[in-house]
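> To start, I am sharing the structure in question, which I have written as structure tokens.
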Amino acid sequence: AVWTQIDPDRALWIVVSILVVTCPCALGLATPAALTTATGRLTQLGLLTTRGHALETLAVATDLVFDKTGTLTTGRLSVVSVEVARAGVDAAAAARIAAALEAGSEHPIARALVAHAGAATAAEAVRNLPGRGVEGRVDGVAYRLGAPAFAAPAVASPAANEGMSWVALGDEAGLVAWFALADTVREDAAASLAALRRLGIRLHLVSGDGAGAVAAVAARLGIADARAGALPEDKLAYVRELQARGAVVGMVGDGINDAPVLAAAQVSVAMGEGTDVAQAAADMVMLGGRLDTLVHGVQLARKTRRIVRQNLGWALAYNLVAIPAAALGHVTPWLAGIGMSASSLLVVLNALRLAEGRES
């Protein structure tokens, strides 16, 4: 309207220039280009993103809560010994009963017990109680297998060696046998957790395993905040307590017991070897079993955040300069087209930096 009064012959071309300059291509590409490139890079690293918010939230995570078995450890448990507590029951019979109760479970402890027994009898009315264990009937007798407080609440656990966990088998008459299981810490766990600490992230270990095994792993990996004997509801309460203090919490787990807390955390990562339930509840799935993938993921998420801010800053700065210049008649339509294309290309090229091998 102003230019129709100043110079009617130029008014149309100036309007065209303004329309071309104000095309929000660069602004619209700023975030999606960076997120798409980063997601592709994460997939190459072995970290699959299943929910859109995961990358943005991982960049600002302040606390990471880890499960123990199958997450910080390999999850390839083995039965070290069987201590029978009942006359008339030998170790082989106790192992067969335990294997029958755990035959349908994917939990690492279940797989270890089944592998140790070799052969199992049939179990009936088997019921899984997350965080506690399983119960069912074998040869007409009701058994419980799992955490000592669940299967043998009136009996104290044997003294545990470093890194060893105890599983109890009990019936209505009391304790039947103890199973001692050992696991190994992932070879890259110490280095990966040290790298996460250097990134300013607070680390926590919350596990349903016994105090001795949890304390041994926490001490070896330098985790100050560790909680043992945690049921699924205890893990959930722990995460919500951190969130109530203003923390942005990431949860890393692998089992059915971890599904509720994986869903409740602001961002969650399931191990690729974990259960289908855990993977369905998580925002990201970590393949390959290496914890350094998570370190690269955090670094790339933070780099993506910086790239997005740079892209938005450039797009806004371009518009702040180009729009007044076009409105004043200093930008011709062809120059506006070049500027608009160049700004969009710059945003895309900046986003492509995320595809490079360096995450920092």
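The values are calculated or read from the model by the stated rules, or taken from the named source; none is laboratory data. Nothing here was measured: the structure is a model prediction, and the numbers come from that model. Neighbour counts are summed over all protein chains in view; Cβ atoms, including those assigned to glycine, are modelled from backbone coordinates with ideal geometry. Heavy atoms of the whole protein, side chains included, go into the accessibility calculation; ligands, DNA and RNA do not. Shrake-Rupley method; radii C 1.70, N 1.55, O 1.52, S 1.80 Å.
> Which value, in Å², gives the accessible area per residue of the chain when a 1.4 Å probe is used on the protein heavy atoms?
Here the residues of the chain average 45 Å² of exposed surface.
> Measure nothing but the geometry: give the 0 to 90° angle between the long axis through the Cα atoms of 91-102 and the longest principal axis through the Cα atoms of the chain, rounded to 10°.
Compared with the principal axis, the helix lies near 40 degrees.
> Using all C-alpha to C-alpha distances in the stretch 244-360, build P(r) with 5 Å bins and read off the rounded percent in each one.
Calculated over all Cα pairs of the stretch 244-360, the distribution is 2, 10, 14, 13, 12, 11, 9, 8, 7, 6, 5, 3, 1, 0 percent.
> Can you give the angle from 0 to 90° between the axis of helix 211-221 and the longest principal axis of the chain, with both taken from C-alpha atoms, to the nearest 10?
Once rounded, the angle reads 40 degrees.
> Something else: Find the eigenvalues of the gyration tensor of the Cα atoms of the chain, then list the square roots of 5 times those eigenvalues as equivalent ellipsoid semi-axes, largest first, in whole angstrom.
Semi-axis lengths for the chain are 59, 18, 16 Å.
> Between beta-carbons, use under 10 Å as the cut-off and find the net charge around Gly136, counting Lys and Arg +1, Asp and Glu -1.
So the environment of Gly136 carries a net charge of 0.
> Given Cβ point charges of +1 (Lys, Arg) and -1 (Asp, Glu) and nothing else, what value in debye, to the nearest 20, does the dipole of the chain about its Cα centre take?
About 1080 debye.
> For Val277, what charge total do you get from the other residues with a beta carbon under 13 Å from its beta carbon, if Lys and Arg give +1 and Asp and Glu give -1?
Result for the neighbourhood of Val277: -4.
> Leaving ligands, DNA and RNA out of it, rank Thr71, Thr43 by accessible area with a 1.4 Å probe, largest first.
Thr43, Thr71
> Quick one: compute the contact order of the chain, relative version, from alpha carbon pairs under 8 angstrom and 6+ residues apart, as a percent.
Reported relative contact order: 27 percent.
> Which net charge results when you count Lys and Arg as +1 and Asp and Glu as -1 among the other residues whose beta-carbon is under 12 Å from that of Asn311?
So the environment of Asn311 carries a net charge of +4.
> Among DSSP beta bridges lying fully in the chain, give the percent that are antiparallel, nearest 5.
About 65 percent, rounded to the nearest 5.
> Given the stretch 112-250, what percent of its DSSP beta bridges are antiparallel, to the nearest 5?
Of those bridges, close to 90 percent are antiparallel.
> Measure off, as a whole percent, the carbon and sulfur share of the 1.4 Å-probe accessible area of the stretch 221-360, all protein chains present.
64
> Hey, another quick one. Quick check: the angle from helix 232-244's long axis to the longest principal axis of the chain, C-alpha only, nearest 10 degrees?
The two axes meet at around 40 degrees.
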